[in-house]
Amino acid sequence: MLDQIASFANSIPATMKKLLALLALAGIAQVANAAEIVGDAKAAENKIAMCIGCHAIPGYKASFPEVFQVPMIGGQSAKYIESALKAYQKGDRKNPSMRGIAGSLSDQDIADLAAYYSQQK
Ligand code: HEC
């Protein structure tokens, strides 16, 4: 039995083994990462500079590429904000400005921003 396992293991090329080990490690790191992310509204204070220009002006209408109303995001639930930002990131929701912005945010940024805006009135 052990012999069989050993000979099977020996039949896997060394590079392949390294690759499998790396994949396993990456998987573990990702799980750890997902569990760690907690939104921090205070940390978001350094990140909202790029949102204020569009989202903090009541009734503001952006004019590029066409005139559209910018939604108020303060006071919406953190879950909603987070899923909206991820949808822009993935391209499920299409808006050129938000796509570009969401694409530059990390999961931690998104969690922080969601926490921050959900606490706004
Ligand atoms: C250039 C202007 C602009 C900037 C800057 C901007 N947004 Fe937006 N955002 C918009 C517009 C316009 C929409 C509505 C797009 C649509 O219809 O999907 C939107 C939509 C959203 C939504 C979805 C709101 C809803 O009600 O569904 C969220 C959440 C959001 N933005 C968060 C952010 C955050 C967080 C930042 C900063 C990191 C940011 N935005 C920066 C213009 C902007």
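Values in this text are rule-based calculations from the coordinates and carry no lab data. What you are looking at is a predicted structure, and each value in this text was computed from that prediction instead of being measured. No Cβ is skipped: glycine too gets one built from the backbone with ideal geometry, and neighbour counts run over all protein chains shown.
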In Hz, Karplus ³J(HN,Hα) per residue of region 91-99 (6.51, -1.76, 1.60; θ = phi - 60°; x = Gly, Pro):
x, 5, 10, 10, 7, x, 5, 5, 4
Taking 22 Å as R0, compute the FRET efficiency from the Cβ-Cβ separation of GLU36 and SER83 and round it to 0.05.
0.70
Can you give the net charge of the other residues whose Cβ lies under 11 Å from the Cβ of ASP107, counting K and R as +1 and D and E as -1?
-3
Give the aspartates and glutamates reachable from LYS86 as a straight Cα distance under 19 Å; neighbours fewer than 8 places away on the same chain don't count.
GLU36, ASP40, ASP107, ASP109, ASP112
Please list the non-local residues whose amide H lies under 5 Å from the amide H of GLN120, H modeled 1.01 Å from N, same-chain partners needing a gap of 5 or more.
GLY75
